[in-house]
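Presented below is the structure to which this report refers.
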Amino acid sequence: MRTKLRIMGFHAEAVKPLNEAAAAELGANLLGEAIIFACAGSCLLLEFWRQQSLKHRKEVERVASLRSLRADLDRLEQALNELQVQVQAAAVTRSTLEELRAELRAELQEFRTQICEEERQEPESQPSEGPE
């Protein structure tokens with residue numbers, strides 16, 4: 001009772017004793033308020049834990065998603081590297097084919113030139129046949 005009076009701002013030297021009914025009512029009020037306070041505190045604590053677990057679960061999902069994306073990125077980088085190697089090999093092959101084509105064209109042109117020269121030389125080297 002003294003504590004309640006001090007909290008309310010009364011400074012009394014002496015407090016008269018309460019009768020049994022008033023003491024039971026004040027005790028019941030104090031017990032009821034303590035139970036309500038404990039329930040409210042436990043609800044707040046449970047909500048805090050729930051929010052923390054939800055936050056933790058979202059963080060775990062985010063990390064798992066990032067790991068998955070990173071694995072996909074690594075896989076795609078590997079595929080890109082393989083394709084670049086294939087393209088470079090194809091470019092080398094293509095340039096080689098173009099060089100061979102140019103060589104073949106040059107040889108073909110040289111062969112045509114030789115044939116034309118031989119055709120020009122053949123009529124001169126063959127004796128002309130007279131009328132019979």
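Across the stretch 62-112, Cα-Cα pairs more than 15 Å apart make up 66 percent of the total. How many nm is it between the label spots at Arg112 and Arg70, if each spot is 7 Å from the Cα in line with the beta carbon? About 6.3 nm separates the two model spin labels. From helices alone, the chain scores -32500 deg cm²/dmol at 222 nm; the rule is -39500 (n - 2.57) for each run of n ≥ 4 DSSP H residues, then divide by the residue total. For the chain, the carbon plus sulfur part of the accessible surface works out to 59%, probe radius 1.4 Å.
Where the alpha-carbon atoms of the chain are placed on the principal axes, they occupy 169, 28, 18 Å, in descending order. If the segment from Leu45 to Glu82 were pulled out straight at 0.36 nm per residue, it would be longer than the present Cα-Cα gap by 7.8 nm.
Helix 20-125 versus the longest principal axis of the chain: what angle, 0 to 90°, nearest 10, using Cα atoms? Rounded to the nearest ten degrees, it is 0.
The values are calculated or read from the model by the stated rules, or taken from the named source; none is laboratory data. Bear in mind the structure is a predicted one, so any value in this text is a computation, not a measurement. Virtual Cβ from ideal backbone geometry, glycine too; neighbours counted across all protein chains shown. These area figures cover heavy atoms from the full protein model, side chains too; ligands, DNA and RNA do not enter into them. Shrake-Rupley method; radii C 1.70, N 1.55, O 1.52, S 1.80 Å.
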